[in-house]
Structures are given as structure tokens and as C-alpha cells.
Amino acid sequence: MSTVVDYINENRQRYVDELFELLRMPTVSADSTKKDDLVKCAEHLAAHFKSIGLEASVEKTPGHPIVYGQWLGKPGAPTVLFYGHYDVQPPEPLEMWRTPPFEPTIIDGAVYARGSSDDKGQFYTHVKAVEACLKTRGELPVNVKFLIEGEEEAAADNLDNYIKTHHDKLACDHIIISDTAQFDEGCPSICYGLRGILYMEIVLTGPTRDLHSGEFGGCVDNPANVLGRMISKLHDTDGRILIDGMYDDVLALTAEERKEFAALPFDQKKYQDEIGVPEFFGEKGFTQLERVWARPTCDVNGIYGGYMGEGAKTVIPSKAGAKISMRLVPNQDPDKIEELFRAYIKKITPPTVNVEIINHGKARPVVVPTDSPALVKARRALEKAFEAKSVIMRGGGSIPVVETFKQELKVPALLLGFGLPDDALHSPNEKFSLDNFHRGILTSAYLLEELAG
Ligand code: BES
Ligand code: MN
Ligand code: MN
């Protein structure tokens, strides 16, 4: 093991340089003008896989390509599949970035760039660990497969279809995903649960054209006003969601789980200062961690409608709409929640407007057992690399493929996040700690060794 670790230490700077190359590629999956950049990135990764000794291919899909890599030189040994995504969220608003999103810049030991923590810097740790092992020993202790997709942030279903039609190719004993955050700095963590999501849009249409608000104001219901009234009916003043049936299937936390959450070293003040809110708000009767990890949400992600240009234009808009996401928790079924959402929206839509309700994607919540042998090994690897005690935690975000892996390949994923809570995922100034990048690579190298035994 020491030669592998030496190699990782000696190549620390080159590894960072290579990560920067990846981060310079503007792989925004939601932006159709960036299609070629995603193809370029996929080809770059496949070529890189080959250069470190893997077999690799770029797999075409109806959307952005998947990168596949494998090393199967240890027949009889377990097979580990690493999943990650090379696509990133749109970087806007650009004026809020201190350094340009696709020009990686180191400040205080962290690299600032879109996709640095979510997820390029994270999945790359495993690529570099595999490289270190292959270059120093000529072989790996286990068989390895890489599945790196380009549509995670776009909520597309092409990867699902790929997994459904490639059971044999993707067959494995363990799945490792580094696409979550650690509980805190210096607190290596394993994530054993994620929330699901249901993403909807409602579009209200009133008059067939924007109207003069003087000529018609007062006798026509304004879709933007209606939207406001409807949004105000999504929650009561205590933060409880008012959609009929929303909580019917919510699995309550056990007393044991609540105790475990409460025992984590949660620094409420640090969390609050980092996001800059004057006060927290959430469902009454639950702690901050309980709200984020184990309670459902209903949030407006964006609102549109009417005149947003310079100065004043007096119109009653013909249309207004909102994008609304619901985070779902164990036992909630996205399909059922979609039905409840549709029924509730229809119930609260007045007869003065027409409503269209659109689905933009869904994912199931997941929890995995916390006592599996793989999880215990992963904790050992983490603690060795980070030289600190590990914790188990949950996450509030969603990784749709986790459930697909469970259903199709019958393998629970191990969520080994190397991000930090203040990495600013999806926000301006996303960053990734270079110390975590390095220790993440070490963790992966130790873990490969652990999983062989
Ligand atoms: N890496 C995140 C998910 C995540 C972040 C989980 C932090 C736990 C903690 C992932 O890239 C992501 O952003 N997922 C989307 C899924 C959506 C597009 C279906 C999300 O959670 O919004
Ligand atoms: Mn991610
Ligand atoms: Mn993301």
C-alpha cells in the first residue's frame, strides 16, 4: 500500500492540474448550445481512462453521452462500480462569481469552479486512485467499472434506460458514489439516505394577450395575482404543506434516529452565517437536520409572468407560472405525490384562469442499511485517509440513479461524499477543497484494498 500512497502524494500537483483541465470544460447539460462541449468532455475522459490502463468507451444516448470504463483483470474478486457525473449546473448569475466559473482558481486551499464539487472533483478522486494503483502495481485488488454520465443535472431518463438494457455489463458487487457532502470540515462522512424529488410547473393563462391594466384592470383576474394567491396556499404559517395527503406516507423518524441526528456536531450559527439568513424557518416541531433530511418540502424554484423589463409598463399579463419542487422522504412515492399535487392545484385554481400542470422529473427517496460490511470498510478507509472519526448522516438532495441501481442491479450504493456543506453547489462560487480531493483519492485507494479482503 505504501507505494500507492507515495505515488498519490508525489503526483498531487499533476492530479490537480488534470482536474483543472476537466473544470475548464463548460459541460452545462441544460444548455443546448454546449452539446459539443459535453461530447468533448466525454471523449477526453474516455481517452484518459485508456491512458491509465482501463478499457473505455463513449456510449451514445439520445442525450449527452455516457463514459464507460473498466478493468476486469481479477476474475473471482469483487467488482466495484463507480458512478459520477461530468455535467454541471448552469453557472448563472455570472456577475455573482468572484472568479469566472470555467477558469478554475485556487483560493485558500480550495478550487473555485462550476462542477468542482458537483461532481467533477469528486468522481475524479476514484479515477486517480485507480491510476495510482495500476501504475505502481500493474493491477488492482478488485475489478473496477466506471459509469460517468452527462445528464444528472438535467433530470433526463437516458441513463435509466442504459442501465435497464446493460445489466450484464454493469453487474457489480459494490457501487460507490462520491456526489454528496461531508457533515463538516474534518468530519469524514457516509451518507445513508437521500431525499427524492418531484419537479412540477404550473402555468396559468387568463386573457389571450397582455392587456392595458387601466382599460381592463379590475374586471379581469390577473394570472400573476392568482399565482400569488395559489402559492400562498401551499403552506400554512407554521411551514406545513397543505397539499391534501402530502404527509400520509411519510415515515416518521424513530426516537433512535432523532437521537443520532441530535448527537451530530451541528453548528447552527456557522450554518446560518454561511447562507446569511436573518432567521431560520421550517416546519414546527422539527430540528434543522430533521427538516432537511427527513421531512418533505414544497418550494417555488422560480416565478415568471408579466413585464420584467426596464421602467414601468402597465399590463395585465396573459400568463404567469411557477416551477415548484417537492423533496420527498422515505415511503413517499413520487407518482402518488404527483397525483395529489395535480388534484390540489386544480382545487385551488379559480375559474377565472386556465391551468396547465407539467412534470419535469422525479426521483425516489432512498435509505440504505448502515451496518453493511461495505459501509464498515468504507468508514475504515475514510478514517485512515482523513485521520478523523467518521459519522453517518443523511442528505437533503437527490441522486435519482441510486434507486435505479437498487432496482435494476440489486446493489445498494455507498455514498462517500468528499464535498463540504459550504461548497455552494448550484450557486455562484462553487468550490472544492483540495485537501479533500487529495484525501478522497487516498480514501478510494484504501477502500479498493478493503473491498478485496
Ligand atoms: N450532487 C447532487 C445531489 C446532492 C447534493 C445530494 C448534496 C446530497 C447532498 C446532485 O448533483 C443534484 O444536484 N441532484 C439534483 C437532482 C435533480 C436534478 C433531479 C437535486 O438534488 O436537485
Ligand atoms: Mn451531483
Ligand atoms: Mn447537482
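Structure notes:
- Using R0 = 60 Å, the C-beta based FRET efficiency linking Arg258 and Glu55 works out to 0.80.
- A Cβ-based charge dipole, computed about the Cα centre of the chain with Lys and Arg at +1 and Asp and Glu at -1, lands at about 460 debye.
- Each of Thr208, Ala113, Gly53 was placed along the dipole of the chain (beta-carbon charges, centred on the mean Cα), and the one lying farthest toward the positive end is Gly53.
- Distance from region 264-279 to region 118-134 (C-alpha centre basis), Å: 31
- Cα gyration tensor, the chain - rounded (a/c under 1.5), prolate or oblate: prolate
- Between the residues Leu253, Met25, Ala385, the greatest Cα displacement towards the positive end of the dipole of the chain, with unit charges on the Cβ of Lys, Arg, Asp and Glu, is found for Leu253.
- Gain in span if fully extended, Asp273 to Glu92, counting 0.36 nm per residue against the direct Cα distance: 62.9 nm
- Extension gain, Gln13 to Ile107: 0.36 nm times the residue separation minus the Cα-Cα distance gives 32.3 nm.
- Taking the fewest neighbouring Cβ atoms within 10 Å as the starting point, the ordered list for Val4, Val203, Val67 is Val203, Val4, Val67.
- Pairwise centroid distance, computed over Cα atoms, of region 400-453 with region 313-352, Å: 33
- By average C-beta atoms within 10 angstrom, highest first, the peptides 353-363, 263-273: 353-363, 263-273
- With Cα atoms, 0 to 90° folded angle of helix 334-348 axis to the chain main axis: 20
- Beta bridge orientation in the chain: antiparallel %, DSSP, nearest 5: 70
- For region 225-338: relative contact order, % (alpha-carbon pairs under 8 angstrom, 6 or more apart): 29
- In this simple spin-label approximation, Val250 and Ala77 carry label points 7 Å from Cα along the Cα→Cβ vector, and these lie 4.7 nm apart.
- Judged by the mean number of other Cβ atoms found within 10 Å, the most tightly packed of the peptides 31-39, 194-202 leads the ranking 194-202, 31-39.
- Sorted peptide list for 280-291, 71-82, criterion being average Cβ within 10 angstrom, highest first: 71-82, 280-291
- Using the Cβ of Met200 as centre and a radius below 13 Å, the other residues enclosed give a net charge of -1, where K and R count +1 and D and E count -1.
- Rounded FRET efficiency, nearest 0.05, which uses the C-beta distance separating Thr3 from His426 and R0 of 35 Å: 0.35
- 222 nm mean residue ellipticity, helices alone, for the chain (DSSP H n ≥ 4; -39,500 (n - 2.57); rounded to 500): -10000 deg cm²/dmol
- Total formal charge among the other residues, if their Cβ is under 12 angstrom from that of Lys50, Lys/Arg +1 and Asp/Glu -1: -3
- Environment charge of Asp118, counting only residues whose C-beta is closer than 11 Å and scoring Lys/Arg +1, Asp/Glu -1: -4
- Helix 121-137 and the longest principal axis of the C-alpha atoms of the chain enclose an angle of approximately 10°.
- Shape analysis of region 222-367 places it in the oblate category; the axes a ≥ b ≥ c from the Cα gyration tensor give an a/c of at least 1.5, with a/b not above b/c.
- Rel. contact order, % - alpha carbon contacts under 8 angstrom, at least six apart, the chain: 26
- What separates the Cα centres of region 1-45 and region 47-90 is a distance of 13 Å.
- Axis of helix 12-23 versus longest Cα principal axis of the chain: the two differ by about 30°, to the nearest ten degrees.
Throughout, read-outs are computed from the coordinates displayed, never taken from laboratory work. If you're wondering where the values come from, they're calculated on a predicted model, not measured in any experiment. Note that each Cβ is placed from the backbone with ideal geometry, even for glycine, and that neighbours are counted across all protein chains shown.
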